[in-house]
Amino acid sequence: MADQIETCPPLPPFTRETAIQKVRAAEDAWNTRDPQRVSLAYTVDSMWRNRSEFTHGR
């Protein structure tokens, strides 16, 4: 699988309205419980923390 940086609107810099759209898109993705769709709501350079473990990426 080739690494691709996917862009989907809205993109920074955010206004109040576009920030709300971005948050709602992430919430909607989480609510599907589909890991592939959830991952697309985050950037490839996201940093995640699970207690003492830190992971990067989608």
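Read-outs throughout are calculated quantities, based only on the coordinates presented, and are distinct from any laboratory measurement. Keep in mind that what you see is a predicted model, and the values were worked out from it rather than measured. Glycine also receives a Cβ, built like all others from the backbone with ideal geometry; neighbour counts cover every protein chain displayed.
Pop out the ³J(HN,Hα) list for the stretch 31-39 in order, Karplus 6.51 cos²θ - 1.76 cosθ + 1.60 with θ = phi - 60°, rounded to Hz; leave Gly and Pro as x.
5, 6, 6, 9, x, 5, 5, 4, 4
Each residue of the stretch 13-27 in turn: what ³J(HN,Hα) in whole Hz from Karplus with 6.51, -1.76, 1.60 and θ = phi - 60°, glycine and Pro shown as x?
x, 8, 9, 4, 5, 6, 5, 5, 4, 5, 5, 5, 5, 5, 4
Would you mind ranking F54, F14 by Cβ crowding within 10 Å, fewest neighbours first?
F54, F14
Assuming R0 = 30 Å, what is the FRET efficiency of T15 and R37, from their Cβ-Cβ distance, to the nearest 0.05?
Computed FRET efficiency for T15 and R37 comes out at 0.75.
Using only the alpha carbons, work out the radius of gyration and Dmax of the stretch 16-56 in angstrom.
Radius of gyration, then largest Cα-Cα span, for the stretch 16-56: 11.7, 35 Å.
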